[in-house]
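The values are calculated or read from the model by the stated rules, or taken from the named source; none is laboratory data. This one's a predicted model, so the numbers in the text were calculated from it and none came from an experiment. Cβ: placed from backbone, ideal geometry, glycine included. Neighbour counts: every protein chain shown. These area figures cover heavy atoms from the full protein model, side chains too; ligands, DNA and RNA do not enter into them. Shrake-Rupley method; radii C 1.70, N 1.55, O 1.52, S 1.80 Å.
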Amino acid sequence: MGYQEAHDKLEKFGQLHVLKYYDDLSGYEKEALIEQIENTDLEVLSQCRHKEELNPRGQITPIEVMQLTEIEDKREEYTAIGLDAIRAGKVGAVLLAGGMGTRLGSDAPKGVYNIGLTKEVFIFQRLIENLMDVVRQADAWIPLYIMTSDKNHEATASFFEDKHYFGYNADYVTFFMQDMAPASDYDGKVYMEEKWKMSTSPNGNGGWFLSMMKWGVVDKIRKSGVEWLNVFAVDNVLQRIADPCFVGATIATNSAVGAKVVKKNAPDEKVGAICLEDGRPSIVEYYEMTDELMEAKDAQGEPAYNFGVILNYLFREKDLEEIAARKLPLHIVEKKIPHLDDNGMPVKPESPNGYKFEQLVLDMIHELDSCLPYEVVRNHEFAPIKNKTGIDSVESARKLCEENGIEL
Ligand code: UTP
């Protein structure tokens, strides 16, 4: 793309201010800016003007959940099916680690955070240790794909190198990077991070499969015979990955996707609730829960939307290829966005000052015909680290680790 085309693209989306400093830039900076303009989806920016109308919901109804007692009854059978699939190389794991982890308040990738008290215990290390339990049980390595972003790729990859992959077999680890999306003020004008660079942030965790395709990872997966992908979040330090019983249950019930869920600890807990939407599997976000949904009861008198997702899904790879071309809903989130002010001086805001644009993995569930919500014991498998203190924090996760006999 040349200058004129870049100019025309910006003009089309009302973003000509991006070229404000163009004449003062060095040759290298000019090139970098033009390249960024070429590769950035500017169309999303206009969406914030009608963001309330963006994602209309269909009719929400309860979904059947496979609960703990049923799982216990079939544990042996499901585990055997899962272990067979793992040993046959049909199961891969995808670690979503492209997020910014802003709530934790560290500029480093979330996974390098040390939650140890008497020794070093990094978040990445906890995840690898959990995955190693299954590697030992199956006596087979599980391919691990790690999604990073422009903001944390180098730091993540070099951390794994330095730590010798915490004992994991590096031949089975593949890194890929997610795309970035522009970040704007409340009027949809993209912020400038530098005079030669628009402000961007990772485009949400929903783009993971498209990014895998773009990076050639999907070709590799197809060749190696991986049929199932267990996608999971970086921040749950008790996350069970490639859990054989979960894998077996999803396969045995012929489900397009399995979703690990926990019993919510309150109707208004801040987790997405698994449900049906217009008869298809879906997730209703906590901020979308109406009083009516919170009070609804099932036939047993239990809350009808009582199970929350924990960002641990098992997708069938060929279904992902089928839905890859479909556009997922866009979520517009208020964030603190560092930028240059009108005088070209850098500003690091203390409170939210604009929008970032994201697609979410949970919206992929609705694209599929069937889903197995699979209950797990909350205190054994769910210790998310979102904040430094309080709910879902380093403190609460440490407590849960100790409860599970994990030395910190
Ligand atoms: P969160 O929704 O907690 O976002 O991510 P975050 O960016 O890590 O944290 P905050 O909101 O800035 O504090 C849930 C999971 O999705 C991944 C995260 O790394 C985490 O595993 N994620 C999130 C991505 O991989 N990419 C993204 O663009 C966003």
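Rounded to the nearest 0.05, what FRET efficiency do residue 163 and residue 297 give with R0 = 56 Å and r taken as the Cβ-Cβ distance? Could you check?
It comes out at approximately 0.70.
Can you tell me the Rg and Dmax of segment 257-338, counting just the alpha carbons, in angstroms?
Here Rg and the maximum Cα pair distance are 15.1, 50 Å.
Excluding residue 391 itself, what net charge comes from residues whose Cβ is under 14 Å from its Cβ, given Lys and Arg +1 and Asp and Glu -1?
+3
For segment 139-189 and segment 350-401, write down the distance between their C-alpha centroids in whole Å.
Here the two parts' Cα centres lie 18 Å apart.
With a ≥ b ≥ c the root eigenvalues of the C-alpha gyration tensor of segment 99-229, is it rounded (a/c under 1.5), prolate (a/b larger than b/c) or oblate?
Oblate shape, in that a/c is at least 1.5 and b/c is the bigger or equal ratio.
Would you mind counting up the charge near residue 26? Only other residues with Cβ under 15 Å from its Cβ, with Lys and Arg at +1 and Asp and Glu at -1.
Within the 15 Å Cβ shell, the charges total -3.
Cα to Cα, under 21 Å, and not fewer than 8 places away if on the same chain: which lysines meet these conditions relative to residue 197?
Answer for residue 197, where 21 Å is the Cα cut-off: 9, 12, 20, 30, 151, 189, 335, 336, 348, 356, listed by chain and number.
Ignoring ligands, DNA and RNA, how do 17, 380 rank by accessible area with a 1.4 Å probe, largest first?
380, 17
Could you list the residues of segment 1-24 with an amide nitrogen less than 16 Å from a label point located 7 Å from the Cα of residue 327 in the Cα-to-C-beta direction?
Those under the cut-off are 13.
Relative to 2.2 N^0.38 Å, what does the C-alpha radius of gyration of segment 171-210 come to as a ratio? Two decimals please.
1.54
Can you give me the Rg/Rh ratio for segment 171-288, using Cα atoms for both radii and the Kirkwood formula for Rh?
Computed over Cα atoms, the ratio is 1.03.
If one computes P(r) from the Cα atoms of segment 1-48, what percent of pairs lie at distances over 18 Å?
The calculated P(r) of segment 1-48 puts 23 percent of pairs beyond 18 Å.
What is the spread of the Cα atoms of segment 252-408 along each of their three principal axes, largest first, in whole Å?
For segment 252-408, the Cα extents along the three principal axes come out at 61, 44, 35 Å.
Residue 14's amide H: which non-local residues (gap 5+, or another chain) put their own amide H closer than 5 Å, with H modeled 1.01 Å from N in plane and none for Pro or chain starts?
The answer is none.
Can you give the translational diffusion coefficient of the chain in µm²/s, computed by Stokes-Einstein from the Kirkwood radius over Cα pairs at 37 °C and 0.692 mPa s?
Answer, rounded: 146 µm²/s.
Positive end of the charge dipole of the chain (Lys, Arg +1 and Asp, Glu -1 on Cβ, about the Cα centre): tell me which of 320, 184, 379 has its Cα farthest that way.
It is 379, whose Cα lies furthest towards the positive end.
Let me check the size of segment 114-184 from its C-alpha atoms; what are the radius of gyration and Dmax in Å?
When restricted to Cα atoms, segment 114-184 yields Rg and Dmax of 14.1, 49 Å.
Taking only DSSP H segments of four or more residues, each worth -39500 (n - 2.57), what value at 222 nm results for the chain once the sum is divided by all its residues, to the nearest 500 deg cm²/dmol?
Value at 222 nm, helices only: -8500 deg cm²/dmol.
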